[in-house]
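The values are calculated or read from the model by the stated rules, or taken from the named source; none is laboratory data. No experiment lies behind these values; they were computed from the predicted model shown. Cβ atoms come from the backbone with ideal geometry, glycine included; neighbour counts cover every protein chain shown.
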Amino acid sequence: MAPFLLSKIMIMKKLEELESKREHYQTQLEELHFNEPSESWYKIRRSELEFQIANMDEAIEDEKELLRQKTAIDNALIVALWALVVTGLTILIFM
């Protein structure tokens, strides 16, 4: 498999992992009021979970941007390779 496809697959796997973690933190946040013994502990845990969710959102956006950039670079490389092939064939035909 081409290296550019492998890196794209790795980025998509990382993105799925981050989204899964975000969903896990969101579920914990939604179920938080049932599990915490005191109000102060609840506030601390809620703040911690909201922080983790914000971090996951930022990491997801970073991975999506990386995937967009990788796709653009891959497309540019494919076009350049195609141009080289066409140019080479043209030279061979007219020699």
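Close Cβ contacts (under 8 Å, 6 or more residues apart or on different chains) running from residues in segment 64-83 that are of a type in the set (Asp, Glu) to residues that are assigned to a helix (DSSP H, G or I) comprise 74/4; 74/8.
Filtered by the rule that a residue be more than 18 Å from residue 10 (Cα to Cα) and hydroxyl-bearing (Ser, Thr, Tyr), segment 58-95 gives 87, 90.
Scanning segment 46-75 for residues being among the hydrophobic types (A, V, I, L, M, F, W, C), under 11 Å from the mean Cα position of the chain (by Cα) and more than 14 Å from residue 22 (Cα to Cα) gives a total of 2.
Residues that are among the polar types (S, T, N, Q), part of a helix (DSSP H, G or I) and exposed (fewer than 15 other Cβ atoms within 10 Å of the Cβ) within segment 27-83 comprise 27, 35, 40, 47, 55, 69, 71, 75, listed in sequence order.
Figure legend. Inter-residue proximity from segment 41-52: first residues among the aromatic types (Phe, Trp, Tyr), second residues modelled with pLDDT of 90 or more and in a helix (DSSP H, G or I), beta-carbon distance below 8 Å, spacing 6+ or different chains. No pairs are indicated.
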